[in-house]
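Beneath this line is the structure, given in structure tokens, with notes to follow.
The values are calculated or read from the model by the stated rules, or taken from the named source; none is laboratory data. Note that this is a predicted model, so its numbers are computed, not measured. Cβ placement follows ideal geometry from the backbone for every residue including glycine, while neighbour counts extend to all protein chains displayed. Keep in mind that these areas ignore ligands, DNA and RNA; they rest on the heavy atoms of the full protein, side chains included. Shrake-Rupley method; radii C 1.70, N 1.55, O 1.52, S 1.80 Å.
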Amino acid sequence: MRARHLWLVVLLTLPTLLVPVTAEQNAATAPDRGGANTPRPFELTIDGIMRGPALVGYPPSGLRWSGDSQTLYFEWRTAGEHEPATWAVSKDGTNLRRLSDEERKSAPPDGAVWDRARRRALAAQDGDIVVIDSVTNERRQITRTTDREENPRWTRNDTHVTFTRNNNLFIVPVKSGSIVQLTDVKPKKREARETASQKFLMEEEQKLLEYARQEAERKKKREERQKKDALPEFELEERQAVADAVLSPDDEHAFLLVSERADDAKTADVPTYVTESAYTGSTATRTKVGDAQQRRRLAVLNLETGKRVWADSAFANQGSAKTTTSGNGDSGNEQETGKQTGKSDGREVRWNLPVFPPDGAMAVTTVRSTDNKNRWIVTVDPETGATRAIDELRDEAWVREISAGASPLSVNWLPDGRDIWFLAEHDGWMHLYAADATTPGAKPRALTTGRFEITSATLAPDKTKFYLTSTERHPGERHLYAMPIDGGPRTLVTSLTGSHVVEVSPDESTLAMVYSYTNKPPEVYLRPNHAGAEARQITTSTSGEWRSLAWVDPELIQFRARDGIEVSARLYTPDKMGKRREASRPGVIFVHGAGYLQNAHKYWSTYYREYMFHNLLASRGYVVLDVDYRGSAGYGRDWRTAIYRHMGGKDLDDIVDGAAYLVKAQKVDPARIGVYGGSYGGFITLMAMFTSPDTFAAGAALRPVTDWAHYNHGYTSNILNEPQSDPEAYRRSSPIYFADKLKGALLICHGMVDTNVHFQDSVRLVQRLIELRKENWELAVYPVENHGFEQETSWADEYKRILKLFEQNLRLRKTS
């Protein structure tokens, strides 16, 4: 009973009780589906915390409705399972059950492509194409081959399906019929060259012998017939492949996304020392930033005439968005003149496949410059390759894009077939825009504005409104809003404090939600889609043991940085753990990873082990600050790009200023402050220990980037450009150049099979520290761990070392 009382205390202190939808709070008392009836009280220890999902459970994901809106499906991994299973529940919250493996095959899969009626789900599974009727649960196997079929799409009013196989595009009727190959994409033929002698002999033979002359004429006619009946050809240059392809709605053109492997690029290998064979293995991972990169172009093939053109990128070489014409750059009829490389003589760009309006009359796609400074939305003429820019976004730092609804692009069509809608950072915040795609020179119009961000947008099933997820209510919350399709007032749909990932049923009668709060892990909820409706909690992922402890609801605070900017952070204090406030106490600053990520928010953190560790630290008398430093997500463009050309600049200033806040506002001893974090957080920890050595007495850098010139291209080139063109940005942003300033105690932890931030990063830093004759550091290696640890024992060992580092160097005094 005591454990239940503790859990009720947590619920009664949640801010969510201030909102009127009381049944949603009451849903938190749903029965435990996986724990013991009488759980033992939880002991706040490193070993207990690092049980991870065995303690807090796995979050449900992949919400999707059946076409009749009667059944919700989702993925959920429960206690004791090694992988997620598919679960189903009725719209009223009853009949929750785990599907058998056989039943799962007939359920609509997560990530499927739905038909317009939102009833049939199309997917590629194990290299084959399947269609599943989500109402009758009928599964139709479209292909079953040893080849790999991918990229399925609906076409011809949802009566047919297209897919790709071995660089080619295929089509097949859904009900019955044969698979038809639409294209003949193959490597470019090596031209046969006849010597003068061979040519002379062939001509003389046909002059002398009637039989030879007749055979030559018959051969010519056969070749002409074969050419007439042949599939439209597209020849690939060396290292080129078709990554994806789509059929235009009029059946006349195939749009081919052609990728080209980089020439002379070098891939870093990661050795694996612990293997089942007992021999050292190796995994090929990635290139390093600035090395030659894969190129991606858009080609169009006329399926009737065989004409081939490349989409024109002349707009990328103009000062502003203008209409372009065929014949410039690499567009027009270059295939017919023998130029079939798809290479541009101007600025390099990366293309995406187009999306089409309901009538299929136009093709619109997005293009991004390889220097990351520009994004264009353009129309593409399939006959000439000519393009016209509808919208251009330029950022002197780097352009940010996010997907628009079901489209893999950041653009999609409105029902009128004239306007497109897209998400863009035009005013410094991610907002929803619309633009007339049919009228040259038409300006985009903002459908939302304000100092908040739209994190996702979906056109409602009735096509009259948008469902938007945004930070409008608070930067640390995610709520669903409904808004008319032309913009206007937004109606708040969700109300609980925290985060809501919502899937609206096809008939719009019911909301399925994955909801979480700061100290409440994600669970599935169902509620009617109307104001004041009660919500019902469907899943309970946490163990009873975890729920037996009153986990801290950290205070969300702001402190003023040196440049006057308010910085958000989570604050954990011993007071909340029932500890007496001391005149002077130790402090720890946690630095989240990923760079562009938000952690000072009001919902469950992906850093849930760290969240529990901060509870433990607070119980031992530490004050812990978890900072959303400059570069973090959720605060607009200027916050995002404040680290451009200098990682370890403004972001590190915020961490150091956070330490000053702890001293001033929380009575933390300035000589007893530690810092730790993983990945980007590990990088910042190193920069803090090396460039602000008098601020931090101890630091733990986990899987840290030590030299940005050794990290990947996609992430790093956004922020620091390329090392060969901007070496100063890399030198001032890389900890290895400042290792000589180390004073405090440093712990470095790294998985040896890290395919993201390579173990080599820490090895090179260790060599630098050895050469500098530094002594106050140690390295802990984890032989079987990748970037994200999986083994409970590795997690426990790592965090025991971190705790020992802080206990020994921050000289924690005994507290009552």
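Here are the numbers:
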item: Accessible area per residue in Å² at 1.4 Å probe, computed on the chain; result: 44 Å²
item: Longest to shortest principal axis, alpha-carbon extents of the chain, angstrom; result: 112, 66, 59
item: Per-residue HN-Hα couplings for segment 513-522 [Karplus 6.51, -1.76, 1.60; θ = phi - 60°; Hz; x = Gly/Pro]; result: 9, 9, 10, 8, 10, 3, 10, 10, x, x
item: Approximate spin-label separation Val781-Leu209, in nm, with each point projected 7 Å along Cα-to-Cβ; result: 7.3 nm
item: Two-decimal ratio, segment 731-799, of alpha-carbon radius of gyration to 2.2 N^0.38 Å; result: 1.18
item: Cross-link pairs Lys520/Lys576; Lys175/Lys307; Lys443/Lys465; Lys186/Lys307; Lys465/Lys520 - those with Cα-Cα distance over 23 Å; result: Lys175/Lys307; Lys465/Lys520
item: Peptides ranked, highest mean first, by Cβ atoms within 10 Å: ranges 228-239, 684-695; result: 684-695, 228-239
item: Cα-projected label distance for Gln724 with Ile179, points at 7 Å along beta-carbon direction, nm; result: 4.2 nm
item: Helix-only [θ]222 nm of the chain, DSSP H runs n ≥ 4, -39500 (n - 2.57) each, per residue, nearest 500; result: -5500 deg cm²/dmol
item: Distance between segment 135-161 and segment 710-757 - C-alpha centres, whole angstrom; result: 45 Å
item: Net lengthening on full extension, Glu138/Arg394 (0.36 nm per residue, minus Cα-Cα); result: 87.4 nm
item: Angle between the chain longest axis and helix 650-665 axis [Cα atoms, degrees, rounded to 10]; result: 20 degrees
item: HN-Hα J in Hz across segment 380-392 - Karplus 6.51, -1.76, 1.60, θ = phi - 60°, x for Gly and Pro; result: 10, 7, x, 7, 10, x, 5, 10, 9, 6, 8, 8, 10
item: P(r) histogram, all alpha-carbon pairs of segment 455-602 included - 10 Å bins from 0, percent; result: 9, 30, 31, 20, 8, 2, 0
item: Centroid-to-centroid separation of segment 80-106 and segment 460-501 [C-alpha atoms, Å]; result: 29 Å
item: Kirkwood hydrodynamic radius of segment 230-313, Cα pairs, Å; result: 15.9 Å
item: Cα gyration tensor, segment 173-285 - rounded (a/c under 1.5), prolate or oblate; result: oblate
item: Solvent exposure, largest accessible area first (probe 1.4 Å, DNA, RNA and ligands not counted), of Lys186, Lys373; result: Lys186, Lys373
item: Area accessible to solvent at Ile565, 1.4 Å probe radius, in Å²; result: 70 Å²
item: Long-range Cα-Cα pairs in segment 525-605 (distance over 21 Å), rounded percent; result: 56 percent
item: Normalised contact order of the chain, rounded percent, pairs of Cα under 8 Å and 6 or more residues apart; result: 10 percent
item: Principal-axis tilt of helix 210-229 within the chain, Cα atoms, nearest 10 degrees; result: 40 degrees
item: Euclidean distance between Cα centres, segment 517-547 to segment 375-393, Å; result: 45 Å
item: Amide H contacts under 5 Å for Cys749, placed H, 5+ residues apart; result: Ala701, Leu702, Arg703, Ala780
item: For segment 776-787, 3J(HN,Hα) per residue [Karplus equation, 6.51 cos²θ - 1.76 cosθ + 1.60, θ = phi - 60°, Hz, x = Gly/Pro]; result: 8, 8, 8, 10, 10, 10, 10, x, 10, 9, 8, 5
item: For a label point 7 Å along the Cα-to-beta-carbon line of Asp416, residues of segment 424-443 with backbone N under 12 Å; result: 434-439
item: Segment 543-677 shape via C-alpha gyration tensor axes, a/c threshold 1.5; result: oblate
item: Interchain or long-range residues, amide H under 5 Å from Gly498's placed H; result: Arg478
item: All-pairs Cα distance distribution in segment 401-476, expressed in whole percent, bin size 10 Å; result: 19, 53, 25, 3
item: Relative contact order for segment 544-606, counting Cα pairs under 8 Å that sit 6 or more residues apart, in percent; result: 26 percent
item: C-alpha long axis of helix 792-809 to longest principal axis of the chain, angle in °; result: 50 degrees
